[in-house]
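These notes concern the structure reproduced below.
The values are calculated or read from the model by the stated rules, or taken from the named source; none is laboratory data. Just so we're clear, the structure is a prediction, and the values are computed from it rather than from any experiment. Please note: Cβ atoms are built from the backbone with ideal geometry, for glycine as well, and neighbour counts cover all protein chains shown. Heads up: the accessible areas ignore ligands, DNA and RNA and are worked out on the full protein's heavy atoms, side chains in. Shrake-Rupley method; radii C 1.70, N 1.55, O 1.52, S 1.80 Å.
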Amino acid sequence: MCSASSRPILPEPPEELKRLSNGLAERIGAKIKRGGPIPFSDYMEMALYDPHAGYYSAGLQKFGEGGDFVTAPQLGDVFARCLAKQITEIRDAIVDDCADKNGDWEIVEAGAGSGILAAELLKALQDGHAPSRYRILERSAHLRQVQKETLLKAVPQWMDRISWLDAPPESGWQGVFLANEVLDALTVERFCVGATQNNSAAIKRMCVGTGANGFKWHKGTFSEEVADQIQSRLSATGQFPATGYCSEINTRLPAWLMAVTEHLQKGSALFIDYGYTRREYYHPQRSDGTLVCHYRHRAHDDPFKWPGLTDISAFVDFTALAEAADFCGLEVSGYTTKSRRP
Ligand SMILES: C[S@@+](CC[C@H](N)C(=O)[O-])C[C@H]1O[C@@H](n2cnc3c(N)ncnc32)[C@H](O)[C@@H]1O
């Protein structure tokens, strides 16, 4: 994170967007007024997913030149074609394993953004390798509409195989679960290391309260279980960070992964995201965590700036993802970076 003095200058939003954001800030403020400071995870949930003005719910452009950031699928079809190769291998293993060589298999994509990855994947897989179904698990009603439009334009011939899910699959299926840059959009808790008490550092839960000039950080407490979990993750670095160190933890990841893969009977789940292994993630030098906000292609560190107009994300602790996979009865079959050659 950068200090206040090195923060990028952000372009001023137009008045109508400021009104939208101010309305959301008022709703968050009212919640704080009713019950006191809220956990950062609750703030992030409202800022990103408030049904009227949340970043992913309001109908503003997010991706590409006129939006706030770019993801790999928007840069051309190379990413989708690489994934298609991997998916074809998974599909072959499923079908080879089936008595019926024409066995059904499908792709379930979470958080499909503009729908461009789904479109390019279906194009890349169409030569005899197309899935029997392509289901999209998307929280944002607005993005579902954008996805439908993208897919209708790009792959009208496959529309009868594409559908949208309101909740993770509830019955057995086989194929590929796919999530590109979704894990970093899941809500996280923020914590800071406090002064040592009874021989162990106090872990403070960072909550959001209100002050004279908008939202401000408030120190709260975690349950003993979460505080212990954080202590053990920080200890795993081999160098426990100093007082004042802050970072993030996604306490809901195992439950989310369980929900989305529970009924995957055969196949694989592919996650592509920004992140680090635990040692790097919680390295003492990463003393202000991994939270990053995007507004009009500027990365900044102030999640309280223009809620609803700003993307908020946190890097993924890949060790936690592997542990969550283990908890769900899955096996980690690979882990790599995009830059590594096969
Ligand atoms: C950063 S965007 C990535 C979009 C797309 N995968 C891409 O690469 O362009 C995050 C996406 O995840 C969706 N999302 C966030 N949380 C989700 C959840 N719990 N279930 C399904 N989708 C979710 C958002 O609405 C959005 O479509």
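What per residue convex hull volume, in Å³, comes out for the range 78-180 when only alpha-carbon positions are used?
Taking the convex hull of the Cα positions in the range 78-180, it is 93 Å³ per residue.
Restricting things to alpha carbons, tell me how big the range 227-332 is in terms of Rg and Dmax, in Å.
Taking only Cα atoms of the range 227-332, I get Rg and Dmax of 15.7, 46 Å.
With label points built 7 Å along Cα→Cβ from the Cα atoms of Asp104 and Ser132, find their separation and express it in nm.
Inter-label distance under the simple model: 0.4 nm.
Rounded to the nearest 500, what is the 222 nm mean residue ellipticity of the chain from helices alone, with -39500 (n - 2.57) per DSSP H run of 4+ residues and division by all residues?
Result for the chain: -10000 deg cm²/dmol, rounded to the nearest 500.
Rounded to whole Hz and in sequence order, give me ³J(HN,Hα) for the range 254-262 from the Karplus expression 6.51 cos²θ - 1.76 cosθ + 1.60, θ = phi - 60°, writing x for Gly and Pro.
In residue order, the calculated couplings are x, 5, 5, 5, 4, 4, 7, 10, 3 Hz.
Would you mind getting the accessible area per residue of the chain, heavy atoms of the protein chains only, 1.4 Å probe, in Å²?
Per residue, the chain has 50 Å² of solvent-accessible surface.
If you bin every alpha carbon distance in the range 254-302 into 5 Å steps from zero, what whole percent lands in each bin?
Distribution as computed: 4, 14, 15, 17, 16, 15, 12, 6, 2 percent.
Which length gain, in nm to one decimal place, applies between Lys31 and Ser163 when the Cα-Cα distance is subtracted from 0.36 nm times their residue separation? Show your work: numbers first, answer last.
Working: separation 132, 0.36 × 132 = 47.52 nm, distance 3.54 nm.
Full extension of this stretch gives 44.0 nm more.
Where is the GNM fluctuation largest for the chain (alpha-carbon springs, 10 angstrom cutoff): Met206, Met258, Met44?
Comparing Met206, Met258, Met44 in a Gaussian network model of the chain, the most mobile one is Met258.
Counting only Cα, what are the radius of gyration and maximum Cα-Cα distance Dmax of the range 44-136, in Å?
Cα radius of gyration and Dmax of the range 44-136 are 16.5, 50 Å respectively.
Taking the Cα atoms of the range 230-284, report the difference between the largest and smallest coordinate on each principal axis, in whole Å and largest first.
45, 18, 16
Mind checking which of Ser287, Ser171, Ser132 has the largest fluctuation in a GNM of the chain, springs on alpha carbons under 10 Å?
Result: Ser171 has the largest fluctuation of those listed.
I'm a student and want to see the number: the projected area of the Cα convex hull of the chain, averaged over all directions, in nm². Write out the running numbers ahead of the final one.
Details: hull surface 76.2 nm².
About 19.0 nm², averaged over all directions.
Could you work out how far helix 224-235 tilts from the main Cα principal axis of the chain, as a 0 to 90 degree angle to the nearest 10?
80 degrees
Excluding Phe191 itself, calculate the net charge of residues whose Cβ lies under 11 Å from the Cβ of Phe191, where each Lys or Arg counts +1 and each Asp or Glu counts -1.
Within the 11 Å Cβ shell, the charges total +3.
Which percent of the accessible area of the chain is formed by carbon and sulfur heavy atoms (probe 1.4 angstrom)?
48 percent
Mind telling me which of Pro168, Pro241, Pro14 comes out most flexible in a GNM of the chain, alpha-carbon contacts under 10 Å?
Most flexible of the set in this elastic network: Pro14.
Rounded to the nearest 5, what % of the DSSP beta bridges within the chain are antiparallel ones?
The answer is about 50 percent antiparallel.
Quick one: of Lys31/Lys305; Lys31/Lys148; Lys62/Lys148, which pairs are farther than 28 Å apart, Cα to Cα?
Result: Lys31/Lys148 exceed 28 Å.
Between the helical axis of 141-154 and the dominant principal axis of the chain, each derived from Cα atoms, what acute angle in degrees is found, rounded to the nearest 10?
On a 0 to 90 degree scale, this one is about 30.
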